[in-house]
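What follows is a single structure, written as structure tokens, with notes after it.
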Amino acid sequence: MKIGVLALQGAFEEHIKKLEELGVEAYEIRQLRDLDEKPNGLIIPGGESTVMSKLLDDLGMREKILDYAKGGMPVFGTCAGLILMSKETGDPRCNGLKLVDCTAKRNAYGRQLGSFDTVGEFKGLGKIPMVFIRAPYISCAEDGVDILAEVDGKRVAARQGNFLVTAFHPELTDDLSVHRYFVDMVKTK
Ligand code: GLN
């Protein structure tokens, strides 16, 4: 089993470390040919969703990722990754993959509250540390989207079939449980 981490921009190294800590083989996906290795799962990290969305097109990677994702490959998006996986973003500069039937509100906490740490309940995992950096939240979710965590009444994690999204960065904490949850999705697919 091998999990690819989209490494165009942003916080991808931390995800690779987490996967390695779990004993899972992980590799960076930097260009189209890296996808030919057919990863069993894919992580889309935090960063800048508008930049990543443009790079996906510049590098010609969008179609192949969509192909794999629609064929059942589990995909996990954190922060900008959540934005890229949401059906709607309300921002024309962010042409995402539209995998999850939800709306992501970008930079939703405003400038002052752009970054904060908290501890929140994650469905099935209990209380876990959550790091938010200029984070989005899920402002709207259709039936079929299972909300896994809320912080202050805002939806910050969800799953729809083989897709997992978190508005926070589990890779920037000491906790491995969200990555373990994703690895289990990949193992049981
Ligand atoms: N604000 C960024 C965006 O809109 C997301 C920030 C992050 O990934 N930490 O893409």
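The values are calculated or read from the model by the stated rules, or taken from the named source; none is laboratory data. For clarity, every value in this text was computed on a predicted model and none was experimentally measured. No Cβ is skipped: glycine too gets one built from the backbone with ideal geometry, and neighbour counts run over all protein chains shown.
Please go through the range 114-136 and pick out each residue that is within 14 Å of the ligand (Cβ to nearest atom), assigned to a strand (DSSP E or B) and under 23 Å from residue 5 (Cα atoms).
130, 131, 132, 133
With 56, 84, 99 as the choices, which residue is touching a helix residue (DSSP H, G or I) at 6+ places or on another chain (Cβ under 6 Å) and within 9 Å of the ligand (Cβ to nearest atom)?
84
On the given criteria, is residue 143 more than 15 Å from the chain's Cα centre (by Cα), within 16 Å of the ligand (Cβ to nearest atom) and either part of a strand (DSSP E or B) or modelled with pLDDT of 95 or more (or both)?
Spelling it out, it is not the case that residue 143 is more than 15 Å from the chain's Cα centre (by Cα), within 16 Å of the ligand (Cβ to nearest atom) and either part of a strand (DSSP E or B) or modelled with pLDDT of 95 or more (or both).
Among the residues of the range 1-41, which ones are away from the ligand (no atom under 16 Å from the Cβ) and within 12 Å of the chain's Cα centre (by Cα)?
Result: 41, single match.
For residues in the range 99-120 being of a type in the set (D, E, K, R) and exposed (fewer than 14 other Cβ atoms within 10 Å of the Cβ), which is nearest to residue 45 (Cα to Cα)?
This residue is 117.
Kindly indicate whether residue 175 is more than 16 Å from the ligand (Cβ to nearest atom), under 17 Å from residue 43 (Cβ atoms) and exposed (fewer than 15 other Cβ atoms within 10 Å of the Cβ).
no
Which of the strands (runs of 3 or more DSSP E) contained wholly in the range 1-113 include at least 2 residues that are touching a residue at least 60 places away in the same chain (Cβ under 8 Å) and in contact with a Leu (Cβ under 6 Å, 6 or more places away or on another chain)?
75-78
Being closer than 24 Å to residue 172 by Cβ and more than 8 Å from the ligand (Cβ to nearest atom) is the filter here, so list the residues in the range 66-81 that pass it.
Within the range 66-81, 74, 75, 76, 77 qualify.
Any idea which residue in the range 157-166 is surrounded by the most Cβ atoms within 10 Å (Cβ to Cβ), counting only those that are among the hydrophobic types (A, V, I, L, M, F, W, C) and more than 11 Å from residue 78 (Cβ to Cβ)?
Across the range 157-166, the extreme among qualifying residues is 158.
How many residues are out of contact with any His (no Cβ under 9 Å at 6 or more places or on another chain) and closer than 21 Å to residue 103 by Cβ when one looks only at the range 123-140?
Selection size over the range 123-140: 7.
Kindly check whether there is at least one residue in the range 149-166 that is touching a helix residue (DSSP H, G or I) at 6+ places or on another chain (Cβ under 7 Å), within 16 Å of the ligand (Cβ to nearest atom), in a loop (DSSP other than H, G, I, E, B) and closer than 23 Å to residue 5 by Cα.
no
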